[in-house]
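Student: Before I ask anything, here is the structure I am working with.
The values are calculated or read from the model by the stated rules, or taken from the named source; none is laboratory data. Quick caveat, the model's predicted, so the values are computed rather than measured. Glycine gets a Cβ as well: all are built from the backbone with ideal geometry, and neighbour counts include every protein chain shown. Protein only, heavy atoms only, side chains kept; ligands, DNA and RNA dropped before computing areas. Shrake-Rupley method; radii C 1.70, N 1.55, O 1.52, S 1.80 Å.
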Amino acid sequence: MPNLVVHFEIHASAPQRLIDFYSGLFGWEFTQFGDVPYWSIVTGEGAIGNVAGQPGMGINGGLTQRMGPKPEVGAPINGCNIVIGVDDVDALMRRGLELGGAEALPAEDMQGVGRVGYLRDPDDTVLGLISPVMSDGSTGMGSGGS
């Protein structure tokens, strides 16, 4: 079995606020497990059960009640962060701001990679957005570069 990342978790001081943010930004679906402060996150069709690592299938995750203080703005990342593949980094950066997020790092082109930007969600957790399409329409990763 390949050593694939198959699940992620987001810790939330105010779970409903982050459920609203991520469902509004990405269309993710959240389902709470009974009375437990834990919600499963479905990021898209085909993500569950992708143990063979088929490309384009993604992974699902969970959202749980944060057990300590939320991250401080400007502090270094403590742990892992997630980067979500999107069609339009700039449009989702704007949508993230409308939904109560904040810019962590502005969107920029990275030669050989694509367009990348980072947001802070309403609980100040940093997340990345990436697209292989750069601002000039050329493509980076997955295409041999342009």
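Student: Please count how many residues of the range 2-29 are within 15 Å of the chain's Cα centre (by Cα) and in a loop (DSSP other than H, G, I, E, B).
Tutor: 4
Student: Kindly list, by first and then second residue, each pair from a residue in the range 95-107 that is closer than 14 Å to I84 by Cβ and touching a residue at least 40 places away in the same chain (Cβ under 8 Å) to a residue that is surrounded by 13 or more Cβ atoms within 10 Å (Cβ to Cβ) and of a type in the set (D, E), limited to pairs with Cβ atoms under 7 Å and residues at least 6 apart or on different chains.
Tutor: Partner pairs satisfying both residue conditions: G101/D121.
Student: Any residue in the range 33-51 that's at pLDDT below 75: show its pairings with residues that are among the polar types (S, T, N, Q) at Cβ separation under 9 Å, as long as the two are six or more apart or on different chains.
Tutor: As it stands, the answer is G46/Q54; A47/N60; I48/N60, since those pairs meet every condition given.
Student: Within the range 62-85, track down each residue that is more than 15 Å from D124 (Cβ to Cβ) and either in contact (Cβ under 8 Å) with a residue 60 or more places away in the chain or not aliphatic (A, V, I, L, M) (or both).
Tutor: G62, T64, Q65, C80, G85
Student: Out of the range 108-137, which residues are of a type in the set (D, E, K, R) and in contact (Cβ under 8 Å) with a residue 60 or more places away in the chain?
Tutor: If the condition is that a residue be of a type in the set (D, E, K, R) and in contact (Cβ under 8 Å) with a residue 60 or more places away in the chain, then D121, D123 are the ones that fit.
Student: If you check G128, G96, G100, which single one turns out to be among the small types (G, A, S), in contact with a helix residue (DSSP H, G or I) (Cβ under 7 Å, 6 or more places away or on another chain) and surrounded by fewer than 20 Cβ atoms within 10 Å (Cβ to Cβ)?
Tutor: G100
Student: Something else: Test V116 against the criterion of being farther than 21 Å from G74 by Cα, touching a helix residue (DSSP H, G or I) at 6+ places or on another chain (Cβ under 8 Å) and open to solvent by less than 50 Å² (accessible area, probe 1.4 Å), and give yes or no.
Tutor: no
Student: Additional query: Please state which of the following conditions L105 fails to meet, knowing it meets all the rest: (1) open to solvent by 40 Å² or more (accessible area, probe 1.4 Å); (2) closer than 20 Å to T43 by Cβ; (3) of a type in the set (A, V, I, L, M, F, W, C).
Tutor: L105 satisfies every listed condition except (2).
Student: A107 is checked against (1) within 14 Å of the chain's Cα centre (by Cα); (2) modelled with pLDDT of 95 or more and fails just one. What number does that condition carry?
Tutor: (1)
Student: Right, here's the next one. If we keep just the residues of the range 62-90 that are at pLDDT 90 or above, part of a loop (DSSP other than H, G, I, E, B) and of a type in the set (A, V, I, L, M), which is surrounded by the most Cβ atoms within 10 Å (Cβ to Cβ)?
Tutor: Out of the qualifying residues, it is V86.
Student: Related question: Please enumerate the residues belonging to the range 91-114 that are small (G, A, S) and in a strand (DSSP E or B).
Tutor: A102, A104, A107, G114
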